[in-house]
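Visitor: Take a look at the following structure, please.
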């Protein structure tokens, strides 16, 4: 369904992105924000999934500034973390802004991210002109809790996530008072990804249903 396109950030940096276009007129645009593993087959399928639901969906290659074309195996955690650590947040924001501008062709825009991308979705809500965001298990959100989202944001967490313990979830949701958040009792980290051991299909389906209803209201 999708195709690779090129985006250009404000500083002239060009980055690749995977774009999936709906069969009918888009009912909104969505920026899909990757995990630390890059634009994997799973992220492409997620992008296609949102196009199936009627959205113009774009997944920008946020690691292109340090290494173009990253698509790591889900066992390459340390490599993914190393690439992530070499990025400047301001550059990531610039690249997300370029993706949001492209997604704006579909109408109102939301950012949806997973793991590292989940935190980036929250950051996009704080720093970009977008209409909604959805953050799946974004641990790094704790690093900018002094900033506040400019749009509605939905948060999904797994109760069995060893990377985001309950006290951290409470800290995030407390700082995002008034925003909808959900905790999935039988889910761990990465529960939306069908290529990870922590995949929890029932929780993933419920989170998707909630996300789609959220998007219907705000886009």
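Visitor: Using only helices, what value at 222 nm comes out for the chain when you add -39,500 (n - 2.57) per DSSP H run of length 4 or more and divide by the total residues, to the nearest 500 deg cm²/dmol?
Guide: Rounded to the nearest 500, the figure is -11000 deg cm²/dmol.
Visitor: Post the alpha-carbon centroid distance, region 79-119 to region 1-73, in whole angstrom.
Guide: 10 Å
Visitor: Let's test this: bin the Cα-Cα distances of region 1-142 at 5 Å from zero up to the farthest pair and state each bin's percent.
Guide: P(r) over region 1-142, rounded to whole percents: 2, 12, 22, 27, 22, 11, 4, 1, 0.
Visitor: In the Gaussian network model of the chain, springs joining C-alpha atoms below 10 Å, which of 190, 174, 158 carries the largest mean-square fluctuation?
Guide: 174
Visitor: If neighbour count is taken as other Cβ atoms inside 10 Å, put 142, 70 in order from fewest to most.
Guide: 142, 70
Visitor: Which value in Å does the Kirkwood hydrodynamic radius of region 77-179 take, with 1/r averaged over all unlike C-alpha pairs and then inverted?
Guide: 14.0 Å
Visitor: Further question: Return the FRET efficiency for the residue pair residue 194, residue 90: r is the Cβ-Cβ distance, R0 is 22 Å, and the value is rounded to the nearest 0.05.
Guide: Efficiency for this residue pair is about 0.10.
Visitor: Follow-up question, since we're still on this one. Once the piece of chain linking residue 170 and residue 77 is laid out straight, how much longer is it, given 0.36 nm per residue of separation minus the C-alpha distance between them?
Guide: Between residue 170 and residue 77, full extension yields an extra 30.9 nm.
Visitor: When a footprinting reagent is the concern and you count Cβ atoms within 10 Å, what order do 79, 143 take, fewest first?
Guide: Lowest to highest Cβ neighbour count: 143, 79.
Visitor: If you don't mind, there's one more thing I want to ask. Give the calculated FRET efficiency between residue 23 and residue 146 to the nearest 0.05, with a Förster radius of 41 Å applied to their Cβ-Cβ distance.
Guide: The value I calculate is 0.45.
Visitor: Right, another one. Explain nothing, just the number: relative contact order of the chain, from Cα pairs under 8 Å at least 6 residues apart, as a whole percent.
Guide: 16 percent
Visitor: Next up: Would you mind ranking 24, 8 so that the residue whose beta carbon has the fewest other beta carbons within 10 Å leads the list?
Guide: Listed from fewest to most nearby Cβ atoms, that is 24, 8.
Bear in mind these aren't lab numbers, they're just calculated from the coordinates by the rules spelled out. Everything quoted here is computed from the prediction, not taken from an experiment. Note that each Cβ is placed from the backbone with ideal geometry, even for glycine, and that neighbours are counted across all protein chains shown.
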